[in-house]
Amino acid sequence: MMKSNMNIEIIDNLKRNFREVYGRHYEGAYFAPGRVNLIGEHTDYNGGHVFPCALPAGTYGMIAPRGDQQLRFYSLNLPESGVVSVELGDLSPGRTEAWTAYPEGVFWAAQKEGFAIPFGADILFAGDLPGGSGLSSSASIEVLTGLMIQQTYSLEDLTMERIARIGQMGENTYCGMQCGIMDQFASAMGKEGHAIYLDTDTMEYEYVPLDLKERELIITNSKVKHSLVSSAYNDRRRECATALADIQKIPAFAEVKSLCSINEEAFEQYKEQILDPVCRARAEHVVKEEARTEKAVSALRKNDIETFGKLMNESHISLRDRYQVSCPEIDFLTELAWQIPGVLGSRITGGGFGGCTISIVETESAEAFMGRIRGEYEKRFHIRPEFYRAWPWEGAKKLDV
Ligand code: ADP
Ligand code: MG
């Protein structure tokens, strides 16, 4: 059977609602996926490598240009927010804390980068990702908006890679979330059947086949969201910057650009230079995670999924203990997964403090895996987890509908 992700129900809803909300026809329809990161967590803002793939689920959108300077946004996921209107000239960081900060930020960043947006537009969104769960619905709505801008205003220089950058810039500046480039890059550049080995320092990337054969990727949604996410994320960035500054005080390391450019041996030798133990632990995670990611990708290239899975588990332990971005619910899910036969690896994915885990599971054990996790998690936390059986999907695209 051909794998497809097209959510016909969402597309039909968008068509109908576009007419109802804006009283006219849409001109273009688009999709941008969410992503899951297999390994390389919190390395993307430390000059290191990440290894995400785009997902079959994401955000859909329709757009029609307007004759004036108004932008109008509406999301079928958040009907209670109604239609939000803003003049192109009034876009500015801090203008709003509503969900429209994400698409507004992309329009703002595109203009800031010199792309001409001479007229407004009516835009309608609807997504099939669980929002705020670490699968990057935010990047998917940003990249979707970037692609709509490229197409609607005929901006050929606005390449998919620049769309990723502009999405990140919008999220950093307009939404105050200091995320790295990984999420937007995966959403813009994903390739079916492949994960992306991305060097976030040079932006060089390679598509690595992710052919799991008789195994599959299962995402488990803990359904918890701890409120810490964005403030803790920004704290982690600061702690990494402090650690780097301490290391740079060593003359031989004065020129070192990022934590990920320090190798494990050098780090062991000089880590005491990082005075604050918390910052030292954060840096230790980053340096070792970078090494782990490289090892994991070479294992995958040799089809050694067992090693890949073990490195995923190690990544989780480091995120739990050194980087401290896990939480009891997520630790329960991963630690239980490690005990279930047929599980090759399991870890937290995304920013942390709730959200999802990603596991590689033998297909024949998948039902038993989900059954056991559901039963024990529900018993312990009284929450019903959700599962998504995922496969690597392609990046943002125009839809032929
Ligand atoms: P994640 O990226 O892990 O899903 P974030 O907190 O970074 O979580 O982003 C979620 C936010 O993105 C939502 O709270 C909302 O503001 C915005 N968003 C994403 N998708 C949509 C959508 N389809 N409609 C409206 N807002 C959306
Ligand atoms: Mg996000």
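The values are calculated or read from the model by the stated rules, or taken from the named source; none is laboratory data. On a predicted model such as this, the values are computed, not experimentally measured, just so you know. Glycine also receives a Cβ, built like all others from the backbone with ideal geometry; neighbour counts cover every protein chain displayed. Accessible surface is based on the protein model in full, side chains and every heavy atom, while ligands, DNA and RNA are left aside. Shrake-Rupley method; radii C 1.70, N 1.55, O 1.52, S 1.80 Å.
Could you list, in sequence order, the residues of segment 317-335 that are closer than 22 Å to A241 by Cα and either under 20 Å from the mean Cα position of the chain (by Cα) or not in a helix (DSSP H, G or I) (or both)?
S318, L319, R320, R322, Y323, Q324, V325, S326
Does E386 count as under 25 Å from E214 (Cα atoms), open to solvent by 40 Å² or more (accessible area, probe 1.4 Å) and in contact with a strand residue (DSSP E or B) (Cβ under 9 Å, 6 or more places away or on another chain)?
When the stated conditions are applied, E386 passes them.
Determine, yes or no, whether R292 is of a type in the set (D, E, K, R) and either crowded, with 23+ Cβ neighbours inside 10 Å or touching a Gly at 6+ places or on another chain (Cβ under 9 Å) (or both).
yes
Please verify whether segment 164-183 includes one or more residues that are more than 30 Å from E364 (Cβ to Cβ), within 17 Å of the chain's Cα centre (by Cα), more than 16 Å from ligand 2 (Cβ to nearest atom) and open to solvent by less than 30 Å² (accessible area, probe 1.4 Å).
No: segment 164-183 contains no residue that is more than 30 Å from E364 (Cβ to Cβ), within 17 Å of the chain's Cα centre (by Cα), more than 16 Å from ligand 2 (Cβ to nearest atom) and open to solvent by less than 30 Å² (accessible area, probe 1.4 Å).
Can you run down the residue pairs with Cβ atoms below 7 Å, 6 or more apart or on separate chains, where the first is in segment 346-363 and open to solvent by 10 Å² or more (accessible area, probe 1.4 Å) and the partner is outside any loop (DSSP other than H, G, I, E, B) and aromatic (F, W, Y)?
G351/Y233
Show the residue pairs that are 6+ apart or on different chains and have beta-carbon atoms under 6 Å apart, the first residue being within segment 326-345 and in contact (Cβ under 8 Å) with a residue 60 or more places away in the chain, the second being among the aromatic types (F, W, Y).
C327/F353; E329/F381
So which residues in segment 139-181 are hydroxyl-bearing (S, T, Y) and either touching a helix residue (DSSP H, G or I) at 6+ places or on another chain (Cβ under 7 Å) or not in a helix (DSSP H, G or I) (or both)?
Residues satisfying the conditions are S140, T145, Y153, S154, T159, T173, Y174.
Taking S137 as the residue in question, decide whether it is at pLDDT below 95 and either open to solvent by less than 30 Å² (accessible area, probe 1.4 Å) or of a type in the set (S, T, Y) (or both).
no
Of the residues L212, L129, only one is more than 12 Å from ligand 1 (Cβ to nearest atom) and within 30 Å of A366 (Cα to Cα); which?
L212
Answer yes or no: is there a residue in segment 325-341 that is at positive phi, open to solvent by 10 Å² or more (accessible area, probe 1.4 Å) and away from ligand 2 (no atom under 16 Å from the Cβ).
Here is the first cut: in segment 325-341, the residues at positive phi are none.
No; the residues of segment 325-341 include none that is at positive phi, open to solvent by 10 Å² or more (accessible area, probe 1.4 Å) and away from ligand 2 (no atom under 16 Å from the Cβ).
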